[in-house]
Amino acid sequence: QDMINSIYRLFYEKQPESIDAFTPVDNLSVTFLNPYSLYKAVPSELYENFTYIGSDAVLPLYLNKLFNAKPFSRFSFDMSSVAPYIMGYAVEKKKSIYLLGADDSSINKFVENIRFDYPQLNIIGFHNGYISSCKSEVFTEIIQKQPDLVIIGMGTPLQDSTSVELRQFGYKGAIYTCGGFFHQGASNLYYFPKWVNRLNIRALYRIVQEPYVLKRIVCYWPKFIFTYSRFLMRYRKQLKDK
């Protein structure tokens with residue numbers, strides 16, 4: 001329970017106030033968590049290293065509103081949210097990007113797709129996410145190429161620990177995690193149709209497209225509603241008592 005409260009506290013306190021918070025600057029580290037990945041975000045101390053933790057789901061937003069807590073906005077690293085802002089900024093300001101994640105086939109196809117939409121995007125390198133046996137070599141390549149930002153898509157918590165390790169290795173630019181963005185973007189860069197985004201039913205759409213998501217929702221969402229609601233009540237009481 002202490003671990004859950006700890007990651008909830010970080011999740012709550014490190015929410016970005018607006019999309020401008022994601023503007024690439026040196027030593028910026030951003031990750032994204034949702035009701036499922038919050039349970040995978042261990043050790044919770046790892047997340048002290050991030051500048052911001054975006055809410056990759058609307059459910060926490062609704063619960064915050066219900067308990068009159070700090071308002072959140074949904075931020076996900078995909079084309080329905082943060083990705084167009086980052087890609088557009090990188091093109092406009094001529095920032096260089098390194099991509100790390102997915103398997104060889106997916107990352108290659110993703111790079112092809114993103115370059116089609118952003119032909120001026122300066123992708124100076126990319127590598128699959130299976131780097132356990134060559135991590136130092138990949139990190140060294142990133143340091144040598146000095147990209148302005150690195151985007152890592154490996155799933156929680158591996159992408160988060162990799163982000164921290166890359167920073168400790170000496171990388172000074174901006175780091176973002178992106179979950180399954182590379183994998184989804186390999187088949188369709190705009191994974192969610194406009195009507196799905198408009199209705200905020202991305203989770204239901206994913207159930208249809210990726211049936212394994214249903215198990216995550218059934219197993220983790222009810223638990224999240226209970227534990228996060230309890231956290232909000234206790235946390236708000238602590239703030240009032242100070």
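The values are calculated or read from the model by the stated rules, or taken from the named source; none is laboratory data. Keep in mind that what you see is a predicted model, and the values were worked out from it rather than measured. Cβ sites come from the backbone with ideal geometry, for glycine too, and all protein chains shown count toward neighbours. Areas reflect the complete protein model, heavy atoms only, side chains present, ligands, DNA and RNA absent. Shrake-Rupley method; radii C 1.70, N 1.55, O 1.52, S 1.80 Å.
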Checklist outcome for this item: FRET efficiency (E13, Q146; Cβ distance; R0 35 Å; to 0.05) is 0.65
Next on the checklist: Let me spell out the model: positive unit charges on the Cβ of Lys and Arg, negative unit charges on the Cβ of Asp and Glu, origin at the Cα centre of the stretch 1-123. What dipole size does that give, in debye rounded to 20?
Outcome noted: 240 debye
Next on the checklist: Sequence gap at least 6, Cα distance under 8 Å: using those rules, report the relative contact order of the stretch 11-65 to the nearest whole percent.
Outcome noted: 48 percent
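For the stretch 102-233, how many pairs of lysine residues have a Cα-Cα distance under 23 Å, where the two are 8 or more positions apart or belong to different chains? Present the calculation step by step, with values, prior to reporting the outcome.
Numbers: K109/K135; K109/K145; K109/K194; K135/K145; K135/K172; K145/K172; K215/K223.
Value for the stretch 102-233: 7.
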Item to check | Using alpha-carbon coordinates, inclination of helix 212-241 to the longest axis of the chain, degrees | outcome: 60 degrees
Checklist entry - What are the lysines whose alpha-carbon lies under 16 Å from the alpha-carbon of K14, with same-chain residues fewer than 8 places away excluded? => result K70
Checklist entry - Where the accessible area of the stretch 37-174 is counted over protein heavy atoms with a 1.4 Å probe, how much of it, in %, is carbon and sulfur? => result 50 percent
Checklist entry - Which listed residue (I201, I123, L158) has the Cα farthest towards the positive end of the charge dipole for the stretch 98-242, taking +1 on Lys and Arg C-beta and -1 on Asp and Glu C-beta about the Cα centre? => result I201
Checklist entry - By per-residue mean of other Cβ atoms within 10 Å, what is the highest-first order of 175-185, 155-165, 225-235? => result 175-185, 155-165, 225-235
Item to check | Lys, Arg +1 and Asp, Glu -1 on Cβ, resulting dipole of the chain about Cα centre, debye, nearest 20 | outcome: 1040 debye
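What net charge is computed for the residues neighbouring S6, neighbours being all others with C-beta under 13 Å from the C-beta of S6, Lys and Arg scored +1, Asp and Glu -1?
Working: positive: R9, K14, R234; negative: D2, E13, E45, E48.
With Lys, Arg at +1 and Asp, Glu at -1, the net is -1.
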Checklist entry - To the nearest 10 degrees, how steep is helix 2-13 against the longest Cα principal axis of the chain, on a 0 to 90 scale? => result 70 degrees
Item to check | C-alpha long axis of helix 82-92 to longest principal axis of the chain, angle in ° | outcome: 40 degrees
Checklist entry - Taking the Cβ of A186 as the center, what net charge do the other residues with Cβ under 15 Å away carry, scoring Lys and Arg +1 and Asp and Glu -1? => result -4
